[in-house]
Amino acid sequence: MKLPQAQVAVLQTADADEPRRIDEVADEADLKPEAATRAAFELEADGLVAVTEATLEHYELTAEGRQYVYESLPEQDLYEAAVDAGADEGAVSMGQVIGASGLDGPAVDIALANYNRKGYGAIDSGEITADPDADAGGDSEMFALEAVADGRVEDADDDAISQLERRGLLAVSEETVRSVQLTDDGVTALMGGVGTAETVDRLTPELLTSGEWEDVEFTEYNVAADAEDVPHGKEHILRQTANRVKDTLVGMGFQEMEGPHVDAQFWINDCLFMPQDHPARTHWDQFALSAPDEIDDLPEDLVERVRSAHLEGVGPDGEGYHSPWAEDVARGLDLRGHTTSLSMRYLSGHEIGELEPPERFFSVEKVYRNDTLDPTHLLEFFQIEGWVMAEDLSVRDLMGTFTEFYEQFGITDLEFKPHYNPYTEPSFELFGTHPETGEVVEVGNSGIFREEVLSPLGVDCDVMAWGLSLERLLMLMYGFEDIRDVHGTLCDLDLLRTTEVLH
Ligand code: PHE
């Protein structure tokens with residue numbers, strides 16, 4: 001029988017009596033592990049060998065685990081210090097025992113938690129006792145740590161091993177190991193004599209030019225063989241979802257708005273009937289630019305109408321804020337805290353001229369806020385802005401639009417809560433349920449623009465509008481809990497790599 005060289009080598013190295021690890025076979029036969037694995041599968045397909053798979057667990061101490069092997073567990077130190085202080089005869093001051101134990105920093109909490117768990121004694125209102133019968137010297141977790149360090153994990157107790165893993169002292173990893181064993185047919189083939197067939201596994205220019213390709217035997221492709229898993233670049237789920245949002249809104253008849261990230265407060269705040277002394281306009285919420293710090297091309301007529309709305313309100317019964325309104329403030333440049341600045345630019349006719357109802361516009365763009373970083377807040381995020389200009393709109397139209405929009409992303413449990421915005425009346429916030437934690441999460445804010453906003457812009461029909469968070473939408477879709485999982489240096493690479501690409 002003639003077989004390709006790698007198969008011959010594996011066949012000759014494999015054993016009939018017991019399975020041998022393919023990596024060992026490869027080593028001995030001087031083959032690359034992938035080549036040996038491929039040859040083993042090919043031999044298996046011909047019934048000459050059997051390939052088996054086993055999962056091996058590897059145990060490795062973490063840096064903290066190794067440190068305790070050389071020293072001792074913090075709870076052992078605490079027990080020793082407690083006994084030295086007489087805590088085995090009655091309660092003594094915890095401060096004194098901790099001081100004597102030499103423990104400090106996080107080690108104190110670790111010691112106390114495990115002392116308690118292991119019943120080495122009791123800790124109560126600043127005092128500690130030590131159980132005279134406890135055997136801290138023979139601690140089973142310490143024994144297990146030493147066993148792992150010495151490569152005798154089988155001596156350690158299973159519970160102790162899982163505690164070590166839970167405490168972050170031990171890392172357990174799994175490896176799939178394949179082994180190969182000769183079958184009876186394999187033994188028969190070997191006894192009958194196996195020669196090496198002239199095979200090639202790739203077509204080269206030399207084979208083509210020499211014409212040799214006509215005589216050689218090509219190895220077969222094994223399309224079922226495991227290939228190395230090479231993490232490759234792919235579209236970020238945030239970008240991917242932003243594009244889906246855009247497609248969805250375009251499908252619902254919306255057009256996209258564009259505009260500056262740095263904009264005049266006029267477009268960000270004043271057009272929105274936000275009084276100039278509104279708390280959200282302080283530097284706590286928005287990032288102001290120091291250079292340049294002003295814009296000089298505000299539309300003068302609109303500035304006049306906005307000023308008048310702020311001072312006197314609009315219409316015969318109008319009420320303004322009666323507080324000072326300064327054009328200088330309106331000219332100030334900020335990083336936009338919402339993309340409602342774009343809505344103002346478009347609705348005023350400033351961007352693409354006067355608009356006639358019905359119109360629908362949207363944007364999916366970055367906004368910037370001086371928030372405190374936490375799992376649900378960053379200094380910047382993507383806002384899904386949108387508005388519909390039409391006659392006789394109501395809250396039902398808004399709710400219907402959101403229901404239709406979020407359904408495209410599999411979110412069907414929206415909740416609505418009345419809210420206050422200086423620029424919309426009525427207003428409401430939108431909530432969805434986090435698929436993992438079950439928590440109700442705010443996903444957006446919306447409403448119907450007030451007369452004080454629309455009248456200066458020259459719009460005389462209804463406009464309903466919203467700002468939704470793209471990142472919160474993503475949280476509901478993919479179930480991650482920390483916005484930093486998808487943004488920045490703390491991002492969860494595994495999530496980004498393995499999340500399915502949806503089209
Ligand atoms: N600007 C609001 C926000 O950032 C969203 C919004 C836009 C609300 C338009 C109502 C109307 O939260």
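The values are calculated or read from the model by the stated rules, or taken from the named source; none is laboratory data. Here the structure is a predicted model, which means the values were calculated and not measured. Cβ placement follows ideal geometry from the backbone for every residue including glycine, while neighbour counts extend to all protein chains displayed. These accessible areas exclude ligands, DNA and RNA; they are computed on the full protein's heavy atoms, side chains included. Shrake-Rupley method; radii C 1.70, N 1.55, O 1.52, S 1.80 Å.
Just a few scattered comments:
- For segment 419-439, the count of residues that are within 22 Å of residue 379 (Cβ to Cβ) and at pLDDT 95 or above is at least one.
- One residue from 309, 280 being on the phi < 0 side of the Ramachandran plot, part of a helix (DSSP H, G or I), within 32 Å of the chain's Cα centre (by Cα) and aliphatic (A, V, I, L, M): 280
- Of all residues in segment 1-11 being in contact with a helix residue (DSSP H, G or I) (Cβ under 8 Å, 6 or more places away or on another chain) and either over 17 Å from residue 45 (Cα atoms) or aliphatic (A, V, I, L, M) (or both), the one that is most open to solvent (accessible area, probe 1.4 Å): 1
- Meets criteria (within 16 Å of the ligand (Cβ to nearest atom) and at pLDDT 95 or above) for residue 360: yes
- Identity of the residue in segment 380-393, within 15 Å of the ligand (Cβ to nearest atom) and either open to solvent by 60 Å² or more (accessible area, probe 1.4 Å) or part of a loop (DSSP other than H, G, I, E, B) (or both), that ends up modelled with the highest pLDDT: 393
- Sub-7 Å Cβ pairs linking a first residue in segment 90-104 that is closer than 16 Å to residue 120 by Cβ and open to solvent by 30 Å² or more (accessible area, probe 1.4 Å) to a second residue that is assigned to a helix (DSSP H, G or I) and among the acidic types (Asp, Glu), at least 6 apart or interchain, are 100/84, ordered by first then second residue.
- Checking each residue in segment 115-144 for being crowded, with 20+ Cβ neighbours inside 10 Å, closer than 20 Å to residue 92 by Cβ and not hydroxyl-bearing (Ser, Thr, Tyr) picks out 118, 121, 128, 130, 136.
- Residue selected from segment 457-482 under the condition in a helix (DSSP H, G or I) and within 16 Å of the ligand (Cβ to nearest atom), by the criterion surrounded by the most Cβ atoms within 10 Å (Cβ to Cβ): 473
- Total residues in segment 24-56, condition assigned to a helix (DSSP H, G or I) and not small (Gly, Ala, Ser): 12
- Residues that are away from the ligand (no atom under 16 Å from the Cβ) and open to solvent by less than 50 Å² (accessible area, probe 1.4 Å), drawn from segment 407-437: 409, 411, 433, 434
- Residues within segment 366-379 that are buried (at least 17 other Cβ atoms within 10 Å of the Cβ) and in contact with a Phe, Trp or Tyr (Cβ under 7 Å, 6 or more places away or on another chain), tallied: 2
- Considering residues of segment 261-277 that are closer than 23 Å to residue 365 by Cα and of a type outside the set (A, V, I, L, M, F, W, C) only, the residue farthest from the chain's Cα centre (by Cα): 270
- Test: residue 444 is within 10 Å of the ligand (Cβ to nearest atom) and within 25 Å of the chain's Cα centre (by Cα): yes
- Residue among 107, 144, 113 that alone is under 35 Å from the mean Cα position of the chain (by Cα), modelled with pLDDT of 95 or more and over 30 Å from residue 29 (Cβ atoms): 144
- Test: residue in segment 3-12 that is assigned to a strand (DSSP E or B), modelled with pLDDT under 95 and out of contact with any His (no Cβ under 8 Å at 6 or more places or on another chain): yes
- Some residue of segment 337-353 being more than 12 Å from residue 466 (Cβ to Cβ), open to solvent by 10 Å² or more (accessible area, probe 1.4 Å) and among the acidic types (Asp, Glu): yes
- Taken together, the criteria exclude residue 404 from residues that are out of contact with any helix residue (DSSP H, G or I) (no Cβ under 7 Å at 6 or more places or on another chain), part of a loop (DSSP other than H, G, I, E, B) and open to solvent by 30 Å² or more (accessible area, probe 1.4 Å).
- Sole residue being surrounded by 15 or more Cβ atoms within 10 Å (Cβ to Cβ) and closer than 17 Å to residue 162 by Cβ, chosen from 48, 78, 61: 61
- Test result for residue 473, of a type in the set (A, V, I, L, M), closer than 27 Å to residue 342 by Cα and out of contact with any Cys (no Cβ under 8 Å at 6 or more places or on another chain): yes
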